[in-house]
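Novice: Before I ask anything, let me first share the structure, which is written out below as structure tokens.
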Amino acid sequence: MKNGKSGGVLDRLDNQGATSFYWYLSLLATVGGFLFGYDTADIGSALPFIPYKLSSFAEGYLVAGASIGAAVGAIAAGPLTDRFGRKSLLIIDAAIFAVGAILSAFAVNVEMLLAARTLIGLAIGADSAIATAYICEFAPRDRRGSLSIIQQWMITVGILVSFLVAIIVLRAAPGAAGTVGWRLMLGLGAVPALIGLALRARMPESPRWLMLNGRYGDTRKALGILGMEVTDEEVKATAEQLKEEERRRENVSNWTPGVRRALIVVCVFFIFQQITGINIPFYYGPKLMAGLLQGPHSDAVNSAVAGVQVTAILGAVNVVATFFAFRYIDKLGRRPLALAAYAGMAVFILLAAAGVAFLAGVPQIVVVMIGFALFITCFAIGVGGTGWLIQGEVFPTAVRGRAAAIGASVDWVANFALIQVFPASQQAIGLAGVMVCFAGLSVLAIVFIARFLPETKGLSVEEVIGLFERQAAGKPGTG
Ligand code: BGC
């Protein structure tokens, strides 16, 4: 697609400057990322105050149900977005997020709350399947990394905001935590969802998806919104070329060896992203820290606030560190950031493990916090956003929705599995033992990335899949 007339319009799109509108559009595409962070973290703070009698199934489902719902939502979104477009699905997701949050706030019994959380889970998953695919389909090639990292940034901001909301709500009206407080924490997610719903209706559909579906007039309009004046003929010529590429691929199968290879790389990257332990400090942080911080006279609200406050510090570190991913992902590339990040994660989780195993009292809290903070910093720089970026950029347009959705779904299943096995593993080998396992898994991740993740910075999305095809055919020089 790079040569001659063929890539004409797309070549120009790939080489556009990223105007403020591009940043705005990426922000809009990642409102779901904010809610992904907010809605996965808010339940940890709200849970102790939900007044219903919760069976252990209901309690487990409230915490982990969003992850399982997300796995299902992601898989469902794949074929739908390839068929109906990226924008339509992003709009529907925002609506589901809003309904889920409002139903949680007004839940009259456990069943209604579980149903609302299921809806939220579905929306989180569907949105996580599509957001970076949408961004990668309009982003200029040398800014695709930074524009996609906004998804990760929004996730981290969502996590932090959920902790801050919990602190404000619990401090402002500690007595109302069990009545209005928890409802507010869960219900406030409706605000960004409604804003997203209103604004997403006016975003342009993905030009690559429109072209592939023969909607040339709409492509011209979408490109116009993206700041490119083109004629119908130019669009048609590029679209023919794009379709030709896809047809050639379909002759073999849509799922060529290169696509399958890319899918395996994305899925394994996502499995490592989860099983190396990032969500332990976030999901279990308030509880673990509340335990460490609990004094003889602290009541439920006070120790919950203390736990959430400490976790919020880690949430803030996560937001700040993501800036470095944003800044360097297109300059240094995906591979060096991911390799260095996993090396750092292995070192710092061991530091935190040493704190847990050999220290007590204040020194223990300090060392554990420093270890966790640096571990999270490394994850934020090279692992979190890199996963969501490659999920959006490595597949061809015709199957991008489905393939990205499978990747997202694998991420959520791994997320769920880790939440499920963590308590039992902690009992069996202790917190420090589990942390040592995370370090070992980070080292394995380094081996995997060094061997299988090619560098994709600066390439067009069409060139990226070519890279995987060549690797799948055993051709060298693909870096
Ligand atoms: C992961 C989430 C995690 C978040 C933390 C994301 O990339 O997919 O599971 O909670 O990063 O920042």
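Novice: Report Rg/Rh for the chain, rounded to two decimals, where Rg is the Cα radius of gyration and Rh the Kirkwood radius. Please report the intermediate quantities before stating the final value.
Specialist: Working: Rg = 22.4 Å, Rh = 22.7 Å.
Checking Rg against Rh, the ratio lands at 0.99.
Novice: Now for a separate question. Does the range 26-142 come out rounded, prolate or oblate by the C-alpha gyration tensor, with a ≥ b ≥ c the root eigenvalues, rounded set by a/c under 1.5 and, if not, prolate when a/b is larger than b/c and oblate if not?
Specialist: Numbers: a/c = 2.50, a/b = 2.21, b/c = 1.13.
It is prolate, given that a/c is not under 1.5 and a/b is the larger ratio.
Novice: Hand me the trypsin sites (Lys or Arg not before Pro) from the range 140-213 located in a DSSP loop with no more than 15 other Cβ atoms within 10 Å, in residue order please.
Specialist: On the way: sites: ARG141, ARG143, ARG144, ARG171, ARG183, ARG200, ARG202, ARG208; in loops: ARG141, ARG143, ARG202.
Passing sites in the range 140-213 are ARG202.
Novice: At a 1.4 Å probe radius, which order do VAL436, VAL9, VAL157 fall into by accessible area, largest first? Intermediate results must be reported in sequence, preceding the final value.
Specialist: Values: VAL436 80, VAL9 5, VAL157 45 Å².
Sorted by accessible area, descending: VAL436, VAL157, VAL9.
Novice: Within the accessible area of the range 98-162, what % is carbon and sulfur when the probe is 1.4 Å and the other protein chains stay in place?
Specialist: Numbers: 1160 of 1520 Å².
The nonpolar share, carbon plus sulfur, comes to 76 percent.
Novice: Could I ask something else about it? Quick one: Karplus J couplings for the range 48-57, per residue in order, coefficients 6.51, -1.76, 1.60, θ = phi - 60°, nearest Hz, x for Gly and Pro?
Specialist: Calculated HN-Hα couplings, in order: x, 10, 6, x, 6, 6, 9, 5, 5, 5 Hz.
Novice: At GLU59 and ALA357, where each label point lies 7 Å from the Cα along Cα→Cβ, what is the point-to-point distance in nanometres?
Specialist: 3.0 nm
Novice: Any idea of the accessible area per residue across the chain, 1.4 Å probe, to the nearest Å²?
Specialist: Numbers: 17760 Å² over 479 residues.
On a per-residue basis, the chain sits at 37 Å².
Novice: What order, most packed first, do the peptides 318-330, 22-34 have when packing is the mean number of other Cβ atoms within 10 Å of each residue?
Specialist: Numbers: 318-330: 20.0, 22-34: 23.4.
Result, highest mean Cβ count within 10 Å first: 22-34, 318-330.
Novice: Provide, in order from the shortest bin, the percent of all Cα-Cα pairs of the range 52-117 in each 10 Å bin, continuing until the bin that contains the maximum pair distance.
Specialist: Per 10 Å bin, starting at 0, the Cα pair percentages come out as 20, 43, 27, 10, 1.
Novice: Let me check I've understood the local charge: for GLY187, count other residues with C-beta under 13 angstrom from its C-beta, Lys and Arg +1, Asp and Glu -1. What total comes out? Don't skip to the end; give the middle numbers.
Specialist: Values: positive: ARG117, ARG183; negative: ASP39, ASP42.
Neighbour charge sum, excluding GLY187 itself: 0.
Novice: Restricting to DSSP H runs of at least four residues, report the calculated mean residue ellipticity at 222 nm for the chain, -39500 (n - 2.57) per run over all residues, nearest 500 deg cm²/dmol. List each step's numbers first, then the result.
Specialist: On the way: 20 runs with 374 residues, N = 479.
The helix contribution divided over the chain gives -26500 deg cm²/dmol.
Novice: Compute the angle between helix 384-393 and the longest alpha-carbon principal axis of the chain, please, reported from 0 to 90 degrees and rounded to the nearest 10.
Specialist: 20 degrees
Novice: How would you classify the range 318-428 from its alpha-carbon gyration tensor, with a ≥ b ≥ c the square roots of the eigenvalues: rounded for a/c under 1.5, else prolate if a/b is greater than b/c, otherwise oblate? Write out the running numbers ahead of the final one.
Specialist: On the way: a/c = 3.31, a/b = 1.57, b/c = 2.11.
Oblate shape, in that a/c is at least 1.5 and b/c is the bigger or equal ratio.
Novice: Among the GluC sites (Glu not before Pro) in the range 109-208, which ones are in a DSSP loop with at most 11 other Cβ atoms within 10 Å of the Cβ? Mind listing them? Before the final figure, lay out each step's value.
Specialist: Values: sites: GLU111, GLU137, GLU205; in loops: GLU137, GLU205.
Answer by residue number: there is no such site.
Novice: How do LYS87, LYS475 stack up against each other in accessible area, from largest to smallest, with a 1.4 angstrom probe? Intermediate values should be presented prior to the final figure.
Specialist: Numbers: LYS87 45, LYS475 115 Å².
Highest to lowest solvent-accessible surface, that is LYS475, LYS87.
Novice: Let me ask another. Note the angle between two axes, namely the Cα long axis of helix 216-225 and the longest principal axis of the Cα atoms of the chain, as a number of degrees from 0 to 90, rounded to the nearest 10.
Specialist: 60 degrees
Novice: Probe radius 1.4 Å, ligands and nucleic acids ignored: give me the carbon and sulfur share of the accessible area of the range 295-444 as a rounded percent.
Specialist: Numbers: 4060 of 5300 Å².
Result for the range 295-444: 77 percent of the exposed heavy-atom area is carbon or sulfur.
Novice: Same structure, new question: Keeping all protein chains in the complex and leaving out DNA, RNA and ligands, what accessible area do you get for MET369 with a 1.4 Å probe, in Å² to the nearest 10?
Specialist: Roll a 1.4 Å probe over it and MET369 shows about 30 Å².
Novice: To the nearest 20 debye, what charge dipole does the chain have about its Cα centre, counting +1 at the Cβ of each Lys and Arg and -1 at the Cβ of each Asp and Glu?
Specialist: Numbers: 37 positive and 30 negative charges, 88 e Å.
I would put it at about 420 debye.
Novice: If you fit an axis through the alpha-carbon atoms of helix 144-172 and take the longest principal axis of the Cα set of the chain, what angle between them do you get, 0 to 90°, nearest 10?
Specialist: Orientation of helix 144-172: about 20 degrees from the principal axis.
Novice: Considering only DSSP states other than H, G, I, E and B, which chymotrypsin sites (Phe, Trp or Tyr not before Pro) in the range 89-194 qualify as loop sites with at most 16 other Cβ atoms within 10 Å?
Specialist: Working: sites: PHE97, PHE106, TYR134, PHE138, TRP153, PHE163, TRP182; in loops: PHE106, PHE138.
Passing sites in the range 89-194 are PHE106.
Novice: Moving on to the next point. Grab the chain and count how many Lys pairs have their alpha-carbon atoms under 18 Å apart, sequence gap of 8 or more, or different chains. Intermediate values should be presented prior to the final figure.
Specialist: Numbers: LYS2/LYS236; LYS2/LYS243; LYS2/LYS457; LYS5/LYS236; LYS5/LYS243; LYS87/LYS221; LYS221/LYS236; LYS331/LYS457.
So the count works out to 8.
The values are calculated or read from the model by the stated rules, or taken from the named source; none is laboratory data. Remember, predicted model here, so these are calculated numbers, not experimental data. Every residue, glycine as well, gets a Cβ built from its backbone with ideal geometry; the counts of neighbours run over all protein chains shown. The accessibility values were calculated without ligands, DNA or RNA, using every heavy atom of the protein model including side chains. Shrake-Rupley method; radii C 1.70, N 1.55, O 1.52, S 1.80 Å.
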